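The values are calculated or read from the model by the stated rules, or taken from the named source; none is laboratory data. This is a predicted model, so every value here is computed, not measured. Positions of Cβ are backbone-derived with ideal geometry, glycine not excepted, and every protein chain shown enters the neighbour counts. Note: areas computed on protein heavy atoms with side chains; ligands, DNA, RNA excluded. Shrake-Rupley method; radii C 1.70, N 1.55, O 1.52, S 1.80 Å.
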Amino acid sequence: MNSRRTKFGAGAAALAASAMLLAACSGGGAADSGETTGTLDFYTNKAAWEPDFDELNGASEASVDISLNTTGYSDADQYDAFIKQSFRTSKSPGLFTWQTGSSLTELVDEGLIAETTDIWSNAVDEGWVTEDLRETYTVDGKQYCVPMNIAYWVMYYNTKIFEEQGIEVPTTWEELDAVAEKLTSAGVTPYYQTSTLFTFQWFQQMVAGTDPELYEGLSTGEVKYTDPEIVDIMNLWLEQQEAGWFSDAGSTVDPAVGLKQGDYAMINFGSFFNGSLDGAGMVSGEDYDMFVIPKTNADLERTPVAVESGPLCVAENSSQKALGLAYSEWWMSDEAQTAWSEARGDVAFNPKATVADPMLAELGSTVASDDYLVYDRYFEATPTPILTVALEQFGAFIANPGDPMPFLETIQAEADKYWADQE
């Protein structure tokens, strides 16, 4: 497991020349036009972010003479189907968003993704990224795609509720439990939860916070979901559910609005959530703040922090392969990441970039220290067939808390099937 994933940055003065080099040595297919400037067709499953990507065109046009023509999808299944179908046609995308983990490996194994090893080597040499982050994008010793963004999964909290209850930010798991008990006693629900899609956070947090190797073992099949250590963690989660620490899992209220109006005091989410909270009318540092969730096991040397990194990829047979690779290299620079942070209000994976939100800038600096161990988010770390079943089972457990063993046995049955097929 990676001990740390930090980000670095540098200027973009030599990017245009580097892009030409990439075009010459990338070994593109016959469909590749070889153009490294112009308009790049970009497809993303983040339709809501389309204006943010469009805002970057001024910076990319000035630096490398490339602009994005963005098409956003809001339906994940529809988007996945479109991307996979496009590989069988002459419309393979020059640039598109995807997922790391098994989803990326699947496309790489089919020869559908352009290799970016040269980009990563250059980026590491320039100090734009480190070897640690490169591991997430490595398949069989080669790199594919570049990081679109990076998000750390932390705890957001309503500062007014904390102030009203006289609560200090917890620095240990015991203190966090004490906060939850105090809030519950005061009639305030401590944590947000949902029974759909984002059902994995608390499981992820408690397993990795107990033993990072145990967590990693789930992703490799070396640990079973029915192992005693996992069962114990699920029983602890059950106790917390029964104590009333979590919100109504079936609520249709927007999570950001719920935190604003005090439906709960805290929410475990990715650091991209700042944008949602700002959009709900909350002010960063005044109405809401965040903290890194303490490790469950006090004996751990480092505090584990989940990281999510979504990739920007180039199709191997795209007529815009060279153009997509040229944009990908520019994207790694501190110049691009500064522009992205300003447009999106997101954490930059490049610490030399200027992060617009002081709260996020501080988070990036904090997590980059040796006191923290960064691990892949459960959504990316878990093979897709197992993930699909696990999300459903965690959701069922959240909706109707009870003996965790039946839920875990269902997940493990899918895991047994998946790992057997890999032999």
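Counting the residues of the stretch 312-353 that are open to solvent by 10 Å² or more (accessible area, probe 1.4 Å) and either more than 24 Å from F272 (Cβ to Cβ) or in contact with a Cys (Cβ under 7 Å, 6 or more places away or on another chain) (or both) gives 4.
Take the residues of the stretch 297-307 that are more than 14 Å from M155 (Cα to Cα) and at pLDDT 95 or above: which is surrounded by the fewest Cβ atoms within 10 Å (Cβ to Cβ)? Show your work before the answer.
Step one: of the stretch 297-307, the residues more than 14 Å from M155 (Cα to Cα) are 297-302.
After this cut, where a residue has to be at pLDDT 95 or above as well, the list is 297-301.
Working: N297: 15, A298: 9, D299: 6, L300: 15, E301: 9.
Here the answer is D299.
If the condition is being within 14 Å of D289 (Cβ to Cβ) and either not assigned by TED's automatic domain parsing to the domain that holds G285 or not in a helix (DSSP H, G or I) (or both), then the stretch 148-170 contributes V154, M155, Y156, Y157, N158, I167, E168, V169, P170.
Where residues in the stretch 354-387 are among the charged types (D, E, K, R) and out of contact with any Phe, Trp or Tyr (no Cβ under 8 Å at 6 or more places or on another chain), which of them is most open to solvent (accessible area, probe 1.4 Å)? Break it down into steps so the answer makes sense when it comes.
First pass over the stretch 354-387, keeping only residues among the charged types (D, E, K, R): 357, 362, 370-371, 376-377, 380.
If we keep only those that are out of contact with any Phe, Trp or Tyr (no Cβ under 8 Å at 6 or more places or on another chain) as well, we get 357, 362, 370-371, 376, 380.
Details: D357: 22, E362: 123, D370: 93, D371: 98, D376: 50, E380: 26 Å².
For the stretch 354-387, the residue satisfying everything is E362.
The set of residues from the stretch 181-228 being in a helix (DSSP H, G or I) and over 26 Å from the mean Cα position of the chain (by Cα) comprises E181, K182, L183, T184, S185, P228.
The set of residues in the stretch 261-288 that are more than 15 Å from P358 (Cα to Cα), surrounded by fewer than 17 Cβ atoms within 10 Å (Cβ to Cβ) and modelled with pLDDT under 95 contains only G279. Only a single item in (1) surrounded by fewer than 17 Cβ atoms within 10 Å (Cβ to Cβ); (2) modelled with pLDDT under 95; (3) out of contact with any helix residue (DSSP H, G or I) (no Cβ under 7 Å at 6 or more places or on another chain) is not met by F291, and it is number (2). Screening I119 against (1) within 27 Å of L323 (Cβ to Cβ); (2) assigned by TED's automatic domain parsing to the domain that holds S284 leaves a single unmet condition, (2).
Does L95 satisfy the condition of being of a type in the set (A, V, I, L, M, F, W, C), under 30 Å from Q193 (Cβ atoms), open to solvent by less than 30 Å² (accessible area, probe 1.4 Å) and not assigned by TED's automatic domain parsing to the domain that holds A186? Answer is no for this residue.
For the stretch 168-178, name all the residues that are in contact (Cβ under 8 Å) with a residue 60 or more places away in the chain and among the aliphatic types (A, V, I, L, M). Correct list: V169, L176. Taken together, S309, S276 contain a single residue that is touching a strand residue (DSSP E or B) at 6+ places or on another chain (Cβ under 6 Å), touching a residue at least 12 places away in the same chain (Cβ under 8 Å) and within 18 Å of N149 (Cβ to Cβ), which is S309. If we scan the stretch 314-329, do we find a residue that is modelled with pLDDT under 95 and within 21 Å of the chain's Cα centre (by Cα)? No, because not a single residue in the stretch 314-329 is modelled with pLDDT under 95 and within 21 Å of the chain's Cα centre (by Cα). Candidates I267, I293: the one that is in contact (Cβ under 8 Å) with a residue 60 or more places away in the chain, part of a loop (DSSP other than H, G, I, E, B) and closer than 26 Å to S185 by Cα is I293. Among the residues that make up the stretch 196-210, is at least one of them farther than 30 Å from W331 by Cα and at pLDDT below 95? The answer is yes; a qualifying residue exists.
Being at pLDDT below 95 and either open to solvent by less than 50 Å² (accessible area, probe 1.4 Å) or touching a strand residue (DSSP E or B) at 6+ places or on another chain (Cβ under 7 Å) (or both) is true for just one of Y192, Y137. Which residue is that?
That would be Y137, the only listed residue that is at pLDDT below 95 and either open to solvent by less than 50 Å² (accessible area, probe 1.4 Å) or touching a strand residue (DSSP E or B) at 6+ places or on another chain (Cβ under 7 Å) (or both).
The residue of the stretch 34-77 that is surrounded by the fewest Cβ atoms within 10 Å (Cβ to Cβ), among those that are without any contact (Cβ under 8 Å) to a residue 24 or more places away in the chain, among the acidic types (D, E) and not in a loop (DSSP other than H, G, I, E, B), is D77.
Can you tell me which of (1) closer than 19 Å to Y156 by Cα; (2) not in a loop (DSSP other than H, G, I, E, B) is the one D248 doesn't meet? Result: D248 passes all but (2). The set of residues in the stretch 192-219 that are of a type in the set (F, W, Y) and in contact with a helix residue (DSSP H, G or I) (Cβ under 7 Å, 6 or more places away or on another chain) comprises Y192, F200, W202, F203, Y215.
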